[in-house]
Amino acid sequence: MQAKLLIHFVRALAVIVVLVSALAVPVGGQRNRRGVPRTPWGDPDLQGIWPSRNSAEATFQRPEDLAEATVLRELIEAGVLERIRTDTTGEPAWARAEVATWLQKHTGLTSLVVDPPDGRVPPLTPEGAARAMRSWRTSWGSGPWNAPEDLGPYDRCISRGVTGSMFPSSDTNGLEIVQGPGLVAIRAEMIHEVRLIPLDGRPHISPAIRQYMGDARGRWERDTLVVETTNFNGKTGARMNGDEAPTSERLRITERFTPVDPFTLRYEVTLDDPGTWTRPWTVAYPLERQSAYTLSEYACHEGNYGLAHILSAARAAERAGR
C-alpha cells in the first residue's frame, strides 16, 4: 500500500514540475526550449558583436546564367563549385569558394538575395533609373569631382543608410547589439552610427521629418525582433556602403533578427520602395556572435582629409589637361 502511495506521489510531483516549467517566465541567464538566451526582463538576448565578414565575399545576387540554381545540390550538379575552386585567374565570377560553401552550409541558398526566387535584385522603375543616372558618384569612379555633392554619402562620411550599414562588408564589419527594457540599440563599426529602436509601440514620427537612417520601430514576434523603418530622406543608396542604388523617400525597410542558437543570428531584410524598384526584394544571411572581435575607431574623413584631396586632385588633373 505504501509503495503504491509513493508511486502516485512521485507521478504527481513530476506533473507539477512539468507544469511549473511550462508556465515559468524566463529570467536572466535562463534559456527557452530553443536554447535562446533571455535578458533579465524576459526578451531574447541578442546582445553582442556580430561581424558580417563570413558573408561578405558571397554573391549578393545570383548571376543570370545561374538564376535557376537555388540550392547547393544544383550547383554541385552543374559543377559550379569545382569551377570556382579551380579559378586562379582572379576573383571568381560570383563568390570565393570557401565562403560560398560556408554560406550554403548555413542557409542552403546560392545568393544573399532570397526573394525574388531567381536571386536577383528587381529592375529599376523609370523613376529609379532616372535617379541613378543623375545621382552622386563614388570615389572609385572617374569623376568629375567639382563639389562635395558629387560624391556619395559614404565618401562624405555622412551615413551609409540602414542597409548600407547592415549588408556584409569585407572590413570594419562589426555590428554591436545592446538591449534595455523597451529599447534596442544597433551600432555599426563603419561610420560609427547608432540606431535606437523603441519597442514600446509608439507611432512613427511625423512624415515631414526625414532622416538618413529613417525612423525605426521594433516589436517581438516570439523570438524574432522585427524592425520597421520609414521616414527616409532619399539621400542614401541601398548597396555599396550606401553609395549605390539611390533610394527614394518612399522606401520602407523591414528587418527580422532571429536567433538560431546562442551563437548564430539569421538576419533578413526586405526593401519596399515603389519609387526605385518594380517590386520589394529580400536579403538574408547568418551572422555569428564573436566575443573576441573588437570594434575599431572609424575616423573617416574627419581625420584623413580625403574629400579635400579628391577635389584638389581633380583640379590638378584639369590643369594638366587630363
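Of the set (1) in the same structural domain as residue 158 (by TED's automatic domain parsing); (2) in contact (Cβ under 8 Å) with a residue 12 or more places away in the chain, all apply to residue 299 but (2).
Scanning segment 292-305 for residues that are assigned to a helix (DSSP H, G or I) and either surrounded by 16 or more Cβ atoms within 10 Å (Cβ to Cβ) or touching a helix residue (DSSP H, G or I) at 6+ places or on another chain (Cβ under 8 Å) (or both) gives a single hit, 301.
Scanning segment 116-165 for residues that are out of contact with any strand residue (DSSP E or B) (no Cβ under 8 Å at 6 or more places or on another chain), surrounded by fewer than 17 Cβ atoms within 10 Å (Cβ to Cβ) and of a type in the set (Gly, Ala, Ser) yields a count of 5. If only one of 219, 202 is assigned to a strand (DSSP E or B), in the same structural domain as residue 273 (by TED's automatic domain parsing) and over 21 Å from residue 49 (Cβ atoms), which one is it? Just a single option satisfies the conditions, and that option is 219. Against the condition at pLDDT below 95, under 26 Å from residue 35 (Cβ atoms) and part of a loop (DSSP other than H, G, I, E, B), how does residue 153 come out, does it pass? It is false that residue 153 is at pLDDT below 95, under 26 Å from residue 35 (Cβ atoms) and part of a loop (DSSP other than H, G, I, E, B). If you go through segment 258-276 and pick out every residue that is closer than 22 Å to residue 233 by Cα and not in a loop (DSSP other than H, G, I, E, B), you end up with 4.
Residue-by-condition table, conditions (1) of a type outside the set (Phe, Trp, Tyr); (2) crowded, with 17+ Cβ neighbours inside 10 Å; (3) touching a helix residue (DSSP H, G or I) at 6+ places or on another chain (Cβ under 8 Å); (4) not assigned by TED's automatic domain parsing to the domain that holds residue 147:
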site	(1), (2), (3), (4)
262	yes, no, no, no
274	yes, no, no, no
286	yes, yes, yes, no
290	yes, no, no, no
322	yes, no, no, yes
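Among the residues of segment 178-190, are any part of a loop (DSSP other than H, G, I, E, B) and without any contact (Cβ under 8 Å) to a residue 24 or more places away in the chain? Yes: one or more hits. Any chance segment 231-254 includes a residue that's surrounded by fewer than 17 Cβ atoms within 10 Å (Cβ to Cβ), within 17 Å of the chain's Cα centre (by Cα) and more than 30 Å from residue 131 (Cα to Cα)? No, every residue in segment 231-254 fails to be surrounded by fewer than 17 Cβ atoms within 10 Å (Cβ to Cβ), within 17 Å of the chain's Cα centre (by Cα) and more than 30 Å from residue 131 (Cα to Cα).
Go through (1) in contact with a strand residue (DSSP E or B) (Cβ under 8 Å, 6 or more places away or on another chain); (2) at pLDDT below 95; (3) within 26 Å of residue 128 (Cα to Cα) and name the single condition residue 272 misses. All conditions pass for residue 272, except number (2). Applying the criterion of at least 3 residues that are more than 26 Å from residue 188 (Cβ to Cβ) and modelled with pLDDT of 50 or more to the helices (runs of 4 or more DSSP H) found wholly in segment 29-143 leaves 72-78, 97-107, 126-134.
The residue that is farthest from residue 261 (Cα to Cα), counting only those in segment 222-240 that are among the polar types (S, T, N, Q) and not in a loop (DSSP other than H, G, I, E, B), is 230.
The values are calculated or read from the model by the stated rules, or taken from the named source; none is laboratory data. The model shown is predicted, which means the values in this text are computed figures rather than measured ones. Because the Cβ atoms are built from the backbone with ideal geometry, glycine has one as well, and the counts that use them run over all protein chains shown.
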